[in-house]
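Undergrad: I have a structure here, written as structure tokens, and I will follow up with some questions on it.
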Amino acid sequence: MSPVFPMLTVLSMFYYMCLRRRARTATRGEMNSRRAIESNTRALPINVEIVQYAKEVLDFSSHYGSENSMSYTMWNLAGIPNVYPSSGDFTQTAVFRTYGTWWDRCPSARLPFKRTPSTFCSQDYVELAFEEPVYPTAVHILETYHPGAVVRILACSANPYSQNPPAEVRWEILWSEAPTKVNGPQARQFTPCIKQINFPTNLIRLEVNSSLLDYYTELDAVVLHGVKERPVLSLKTSMIDMNDIDEDEDEEKYGCGMDTLNKQFSIVTLREWPTNGYFDKLPYELIQLILSHLTVPDLCRLAQTCKLLYQHCCDPLQYIHLSLQPYWARINDTSLEYLQSRCTLIQWLNLSWTGNRGAISVSGFSRFLKVCGSELVRLELSCGHFLNETCLEVITEMCPNLQELNLSSCDKIPPQAFNHIAKVRSLKRLILYRTKVEQTALLSILNFCSELQHLSLGSCVMIEDYDLIASMMGAKCKKLRSLDLWRCKNITESGIAELASGCQLLEELDLGWCPTLQSSTGCFMNLARKLPNLQKLFLTANRSVCDTDIEELAANCTHLRQLDILGTRMVSPASLRKLLESCKDLSLLDVSFCSQIDNRVVLELNANFPNVFIKKSFTQ
């Protein structure tokens, strides 16, 4: 046979592999949009493209707005644009709770989990439902202020409007990229190149990372383009770009199927080797140290190589700190069952974002904690919508050493269930942001958990009397260092006085969007005088904050690092200069929408105090 034919066969195979790679791999970033358009338009047979805006917001991790309003909430992402193409700070957009790195530099900041894979950098998410399931050809995200936060776009196989839930819920990453710094806060339409998937979807998830942003990102709408029939890639394809053939973009690394991870967790038949080479000469502790730098999937893969490494990879000492949040789409009851024998000594466990849509059952979660909960000190369960009263009861019974509990945005837990938390007397940190905790349960928690140092009650709308809550804190929680009362609607100067008198170790206090506090009552002056250790104080959107309050802070709170007085009309440039001269450690000062502080003043203050980030927002 002529040598030409084998060569043609090899080239044909290579060409086929390139086409297959093009069909399933998302190009990173917004580069080469012309090629992306060409590949999307070469689908055969001819298929009418459907264009649709989000019908409904199904789930999200946080938002800047109130639970009882539309301003700055994730619900603004449903429907047609409200603001785009205008730029600026508008209440009709969707805004997440945080931005920048300021939240990592305050007393309430938590230590990060080790072994978090470099490919996972998501901080928040929002899930959107669309009317028609389609094979996506494009996703347009309309960003109206400080764009650049979106780092992942995913599609789900489950139809949220179907009466019959699927046997398996599959998530596929359409596009992913590390956070990038975008020059300028102006509006843009973000249209990354997405990969083709082999199932129709009407459930899209955006994940964001706002750490590089100078202010809150604002999203206006999401547009999903797609076709009803699965596209078939045309053979008339332009020249293949070698950059598309990226070994790091393989399915095993980025796939979201549960079977892949569970196979790695499971026990497999291991080879018998006569010798383990140089590993036999290494101390056990040194091998353990080397393996401690591997991510969880890599650790599970390595365990399948030989008996020696299996023994090391399954050692419970490798799982003292375990974060499963990066693998939220792949964790289910089977995963937890496989991990039980390895997690008998676990102290830190992060199950945030996991278990939704039936992936983790109450019985599966309970079985895991009964085996692995005795040594737990820190438990992260943010956005765990599978949690119910039984789960909280199991936590309090099986985790006697628990010191940190995060139930942020666990809005499916019934109000009466929170009474169980009062049994955990050793609690030092409790995050109840956006939960349905009621006043009676919270009073019980404060009465019995006197070791509390960090407490978040932001957007807890079912508490009727925050003055009573503040009074109980002042009487029982003497060790409190940080307190989040974001958007509590009824705290008054009486509650603030009780709080300041009893919790004098406070270093961080968030009173943003608390409309019942008025400077004329002297509540802010009282805070400044009673809490000299304050490092972070948020008085966001309190229009009554005045020069006297700022001068009291300058005189008494010299350790202040972060101050937010967005929206006040009563603060002058002169009082801000006194504050900046007195508080040498100040790094963040938000004076957005402060009517007396114009751009000229901000420029002058920036020139004289270059180490302070002075934020002045705007609306066009």
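Undergrad: In the chain, what % of DSSP beta bridges are antiparallel (nearest 5)?
TA: Counting only bridges with both partners in the chain, antiparallel ones make up about 55 percent.
Undergrad: By how many nm would the segment from Phe199 to Asn490 lengthen if fully extended, with 0.36 nm per residue of separation less the alpha-carbon distance?
TA: Stretched fully, the Phe199-Asn490 segment lengthens by 99.9 nm.
Undergrad: Let me ask something additional. Compute the Cα gyration tensor for segment 282-385, then decide on rounded, prolate or oblate, letting a ≥ b ≥ c be the square roots of its eigenvalues: rounded whenever a/c is under 1.5, prolate when a/b is larger than b/c in the other cases, and oblate in all that remain.
TA: Prolate shape, in that a/c is at least 1.5 and a/b is the bigger ratio.
Undergrad: Between beta-carbons, use under 15 Å as the cut-off and find the net charge around His559, counting Lys and Arg +1, Asp and Glu -1.
TA: +2
Undergrad: Contact order normalised by length for segment 478-619, with contacts defined as Cα pairs under 8 Å and 6 or more residues apart; what percent is it?
TA: It rounds to 18 percent for segment 478-619.
Undergrad: Please give the peptides 589-595, 200-206 ranked by average Cβ packing (other Cβ atoms within 10 Å per residue), highest first, as a rough proxy for protection.
TA: Packing order, densest peptide first, comes out as 200-206, 589-595.
Undergrad: With every protein chain kept in the model, how would you rank Arg434, Arg230 by accessible area, 1.4 Å probe, largest at the top?
TA: Highest to lowest solvent-accessible surface, that is Arg230, Arg434.
Undergrad: With each label point set 7 Å from Cα along the Cα-Cβ vector, what nm distance links Asn183 and Trp75?
TA: Using points 7 Å along Cα→Cβ, the separation is 4.0 nm.
Undergrad: How large is ³J(HN,Hα) for each residue in segment 84-92, as worked out from phi by the Karplus curve 6.51 cos²θ - 1.76 cosθ + 1.60 (θ = phi - 60°), to whole Hz, x for Gly and Pro?
TA: Using θ = phi - 60°, the values come out as 3, x, 5, 10, x, 8, 10, 5, 7 Hz.
Undergrad: Please give, to one decimal in nm, the separation of the simple spin-label points placed at Asp411 and Lys307, each 7 Å out from Cα toward the Cβ.
TA: 5.4
Undergrad: Something else now. When the chain is fully extended, how far beyond the present Cα-Cα distance does Gln596 get from Phe279, taking 0.36 nm per residue of separation?
TA: So the chain would gain 107.3 nm between Gln596 and Phe279.
Undergrad: Report the far tail of the P(r) of segment 478-619, meaning the percent of Cα-Cα pairs longer than 18 Å.
TA: Tail of the P(r) past 18 Å holds 51 percent of the pairs.
Undergrad: So, one more: What does the convex hull of the alpha-carbon atoms of segment 49-227 project to on average, in nm²?
TA: Result: a mean projected hull area of 11.4 nm².
Undergrad: For the chain, take the longest principal axis of its alpha carbons; what is the angle in degrees between that and the long axis of helix 466-476, to the nearest 10 within 0 to 90?
TA: The helix 466-476 is inclined about 90 degrees to the chain.
Undergrad: When the chain is fully extended, how far beyond the present Cα-Cα distance does Glu132 get from Gln340, taking 0.36 nm per residue of separation?
TA: Residue separation times 0.36 nm, minus the Cα-Cα distance, leaves 70.8 nm.
Undergrad: In angstroms, what radius of gyration and Dmax does segment 319-463 have, counting Cα atoms only?
TA: When restricted to Cα atoms, segment 319-463 yields Rg and Dmax of 14.1, 41 Å.
Undergrad: Also, I was wondering about something else. Please tell me the relative contact order of the chain in percent, rounded to the nearest whole number, where contacts are Cα pairs under 8 Å and at least six residues apart.
TA: Contact order relative to length: 10 percent.
Undergrad: Collect residues whose amide H, placed 1.01 Å from N in the peptide plane, falls under 5 Å from the amide H of Asp59; neighbours closer than 5 in sequence don't count.
TA: Those lying under 5 Å, H to H, from Asp59 are Glu127.
Undergrad: Obtain the nm distance between the two label points defined at Thr521 and Gln504 by a simple spin-label model: each point lies 7 Å from its Cα along the Cα-to-C-beta direction.
TA: 2.3
Undergrad: With a sphere of radius 15 Å drawn around the Cβ of Asp465, what net charge do the other residues whose Cβ falls strictly inside it have (Lys, Arg +1; Asp, Glu -1)?
TA: Neighbourhood net charge equals -4.
Undergrad: Another question about this same structure. Just how many % of Cα pairs in the chain lie over 39 Å apart, if you round to the nearest whole percent?
TA: Cα-Cα pairs in the chain separated by more than 39 Å: 38 percent.
Undergrad: Can you flag which of Lys428/Lys476; Lys281/Lys307; Lys114/Lys436; Lys428/Lys478 are past 23 Å Cα-Cα?
TA: Exceeds cut-off: Lys114/Lys436.
Undergrad: What figure, in Å² to the nearest 10, do you get for the accessible area of Lys55 with a 1.4 Å probe and non-protein molecules left out?
TA: Counting only protein heavy atoms, Lys55 exposes about 100 Å² to solvent.
Undergrad: Now for a different question. Ignoring ligands, DNA and RNA, what percent of the 1.4 Å accessible area of the chain is carbon and sulfur?
TA: In the chain, the share of accessible area belonging to carbon and sulfur is 54 percent.
Undergrad: Quick one: accessible surface of Met570, probe radius 1.4 Å, all protein chains present, in square angstrom to the nearest 10.
TA: Per-residue accessible area (Met570): approximately 100 Å².
Undergrad: Still on this model: Could you order His293, His559, His312 so the one with the most accessible surface comes first? Probe is 1.4 Å.
TA: His293, His559, His312
Undergrad: Moving on to the next point. Please list the non-local residues whose amide H lies under 5 Å from the amide H of Leu174, H modeled 1.01 Å from N, same-chain partners needing a gap of 5 or more.
TA: Answer set, sorted by chain and number: Ile153, Leu154, Ala155.
Undergrad: With the other protein chains left in place, how much accessible area per residue, in square angstrom, belongs to the chain at a 1.4 angstrom probe?
TA: Value for the chain: 43 Å² per residue.
Undergrad: Then there's this: Calculate the FRET efficiency for Leu294 and Lys479 from the Cβ-Cβ distance with a Förster distance of 41 Å, rounded to the nearest 0.05.
TA: That pair, Leu294 with Lys479, gives E of 0.65.
Undergrad: Which order do Asp598, Asp549 take by accessible area at a 1.4 Å probe, largest first?
TA: Highest to lowest solvent-accessible surface, that is Asp598, Asp549.
Undergrad: When only Cα pairs under 8 Å and 6 or more residues apart are kept, what is the percent relative contact order across segment 319-463?
TA: Relative CO of segment 319-463 lands at 18 percent.
The values are calculated or read from the model by the stated rules, or taken from the named source; none is laboratory data. Every value quoted in this text rests on a predicted model; they were computed, and no experiment measured them. Neighbour counts run over all protein chains shown; Cβ positions are idealised from the backbone, glycine included. Each accessible area value is taken on the protein alone, full model and side chains, heavy atoms only, with ligands, DNA and RNA left out. Shrake-Rupley method; radii C 1.70, N 1.55, O 1.52, S 1.80 Å.
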